[in-house]
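Here the structure is laid out as structure tokens; the discussion comes afterwards.
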Amino acid sequence: MDDATDATDATDATDATHRGSTGHGHTSNDDTHDTHNTHDTATGAAGAAGATGAAGATGAIGERTSELTRRLLAPNPGPMTLDGTNSYIIRAPNAETCVVVDPGPLHEGHLKLLASGAPVELVLITHHHSDHTEASARFAAITGAQVRALDPAFCVDGAPLVDNEEIVAGGTRIRVLATPGHSSDSVCFVLPDDGPTGSVLTGDTILGRGTTIIAHPDGNLAEYLHSLELLAGIGDAVALPAHGDSLENLMAACERYRAHRLARLAEVRDVVATLGPDATVEKVTDLVYADTDPAIRFAAEASMRAQLEYLESEAAGSAPA
Ligand SMILES: [Zn+2]
């Protein structure tokens with residue numbers, strides 16, 4: 001896999017635009033040509049790792065995000081990755097080993113730090129996009145751990161994940177929940193024993209801020225809306241996203257995402273009706289996602305294709321309510 005910017009990892013560029021001045025520092029003017037560039041941001045992971053990332057005597061790496069998890073931010077900030085990819089470490093208090101979720105981009109310093117705590121028993125992957133999996137083979141070589149993903153092509157010496165499978169590792173239970181939509185192979189990892197409410201590692205299905213892209217044609221909006229329902233059904237769990245900060249209430253986040261998606265769909269439906277036969281992807285994108293940074297225009301178009309596909313299925317009577 002090459003290191004070109006991964007279109008499918010774009011956060012919804014257009015929503016960043018629409019948030020305008022209320023956006024939380026996710027500017028559309030960040031470096032876009034190289035998401036692995038570590039030199040462009042003083043606030044990126046390199047700084048964070050320097051402050052909080054080093055393994056101490058306790059083997060604590062990164063930042064605590066819940067009773068059973070810590071996260072280590074990878075140094076790949078950009079418009080597609082927000083601050084960078086969050087690699088998570090799952091480990092019960094007295095467990096001798098840990099589980100790493102999404103080793104992230106191929107960055108030796110990040111991987112060494114990630115491997116410097118408790119021995120890594122298992123590596124899990126939320127989905128195949130390169131900012132989550134580029135380092136898989138290298139990290140497997142460093143740690144000797146198996147890498148497991150839903151897509152067999154992204155496993156290293158491990159079996160593919162199965163929907164609803166329960167894994168016991170790192171001293172705790174981890175349930176696999178298939179949540180296609182952002183990508184066809186997206187999964188979330190449910191930690192029912194993590195604190196009073198449990199937690200869910202949401203990958204790119206729910207982000208810490210903004211909204212996620214539906215990476216058409218691999219991503220699918222009808223599947224995505226169904227996945228939001230599944231996640232909302234888990235209830236008041238803490239959401240631990242692969243980009244951005246943790247969210248206190250998964251159910252509330254799902255409701256917000258769903259409302260946003262439906263509002264956007266209504267907007268697209270209106271524009272398509274107005275344009276009539278002239279409603280090309282480009283033209284609808286121009287109108288719905290005006291003022292989008294050209295660097296992330298491709299992301300806006302991918303999201304638009306997913307929405308147009310959804311509306312076509314709806315018109316044909318096959319889209320789920
Ligand atoms: Zn992604």
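Coordinate-derived values only; no laboratory data. Since the model is a prediction, treat every value here as computed from it, not as a measurement. Here the Cβ is made from the backbone with ideal geometry for all residues, glycine too, and neighbour counts use every protein chain on show.
Observations, loosely collected:
- Ordering of 209-217, 155-163, 294-302 by packing [mean C-beta count within 10 Å, highest first]: 209-217, 294-302, 155-163
- By average C-beta atoms within 10 angstrom, highest first, the peptides 259-269, 110-120: 110-120, 259-269
- Each residue of the stretch 209-217 is assigned a 3J(HN,Hα), and the resulting list reads 7, x, 10, 8, 7, 9, 7, 4, x Hz, derived from the Karplus form 6.51 cos²θ - 1.76 cosθ + 1.60 (θ = phi - 60°), x at Gly and Pro.
- Cα Rg over Rh - the stretch 144-230, Kirkwood: 0.98
- Simple spin-label estimate for Asn249 and Ala232 in nanometres, 7 Å along Cα-Cβ: 1.3
- In whole percents, the pair-distance distribution calculated for the stretch 100-175 from its alpha-carbon pairs, binned every 10 Å from zero, is 21, 56, 23, 1.
- Spin-label pair Asp163/Lys112, simplified geometry with 7 Å Cα→Cβ offset, distance in nm: 4.2
- Taking only alpha carbon atoms, the stretch 174-303 gives an Rg to Rh ratio of 1.03, where Rh is the Kirkwood radius.
- Among the GluC sites (Glu not before Pro) in the stretch 85-169, those located in a DSSP loop and surrounded by at most 16 other Cβ atoms within 10 Å of their own Cβ are Glu96, Glu165.
- With a cut-off of 13 Å on the backbone N, the residues of the stretch 167-211 near the modelled label site 7 Å out from Glu96 along Cα-Cβ are 170-171.
- If you plug the beta carbon distance of Asp151 and Ala316 into 1/(1 + (r/R0)^6) with R0 = 45 Å, you get a FRET efficiency near 0.95.
- Where N is the number of residues in the stretch 243-321, Cα Rg divided by 2.2 N^0.38 Å: 1.24
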